[in-house]
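Heads up, the thing below is written out as structure tokens.
The values are calculated or read from the model by the stated rules, or taken from the named source; none is laboratory data. Because the structure is a prediction, the values reported are computed rather than measured. So basically every Cβ, Gly included, is an ideal-geometry build from the backbone, and we count neighbours across all protein chains shown. Surface areas here come from the heavy atoms of the whole protein model, side chains and all, with no ligands, DNA or RNA. Shrake-Rupley method; radii C 1.70, N 1.55, O 1.52, S 1.80 Å.
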Amino acid sequence: QVQLVESGGGLVQAGGSLRLSCAASGRTFSSYVMGWFRQAPGKEREFVAAITWSNRRIYYADSVKGRFTISRDNAKNTVYLQMNSLKPEDTAVYYCAATRTYGSTWQGYEHWGQGTQVTVSS
């Protein structure tokens with residue numbers, strides 16, 4: 001069983017940066033693929049980024065490539081999402097999620113955090 005708690009959201013101006021953290025509890029954290037998703041009001045939950053347990057494979061949505069960086073520290077049971085050059089359209093609730101097998105659809109992830117709000121003002 002994996003429990004996830006996100007932090008680091010907030011209000012930032014366009015062009016600014018935020019770093020989200022996701023603290024995981026559970027003895028098998030290192031065996032999971034960790035992903036970040038986001039959901040804006042009235043929109044479906046969408047894939048942002050994912051990282052495999054060995055850090056050998058990293059995946060990004062086209063909308064965030066070159067601006068966001070996902071990383072993980074298995075020793076700390078934590079996954080990060082560094083977000084740079086933020087745009088108003090990045091405004092959403094950001095969720096951390098875990099799955100045994102990589103996928104870019106939210107339905108494939110078994111464990112979810114409660115979400116953290118990111119608001120980017122223009």
For region 1-95, the percent of accessible surface on carbon and sulfur atoms (probe 1.4 angstrom, ligands and nucleic acids excluded) is 46 percent
Counting only protein heavy atoms and rolling a 1.4 Å probe, one gets per residue an accessible area for the chain in Å² of 52 Å²
Residue-wise HN-Hα coupling along region 42-52, computed from phi with Karplus coefficients 6.51, -1.76, 1.60 (Hz; x: Gly, Pro): x, 10, 6, 5, 10, 5, 10, 6, 8, 9, 7
Phi angles of region 113-122, converted by Karplus (6.51 cos²θ - 1.76 cosθ + 1.60, θ = phi - 60°) into ³J(HN,Hα) in whole Hz with x for Gly and Pro, give x, 7, x, 9, 7, 10, 10, 10, 8, 8
What dipole magnitude, in Debye to the nearest 20, does the chain give about its Cα centre under +1 on Lys/Arg Cβ and -1 on Asp/Glu Cβ? 320 debye
Between the residues 93, 83, 58, the Cα farthest towards the positive end of the dipole of the chain, that dipole coming from +1 and -1 charges on the beta-carbon of Lys, Arg, Asp and Glu, is from 58
Per-residue HN-Hα couplings for region 70-83, Karplus 6.51 cos²θ - 1.76 cosθ + 1.60 at θ = phi - 60°, whole Hz, x for Gly and Pro? 9, 8, 9, 10, 5, 5, 9, 6, 9, 10, 10, 9, 8, 10
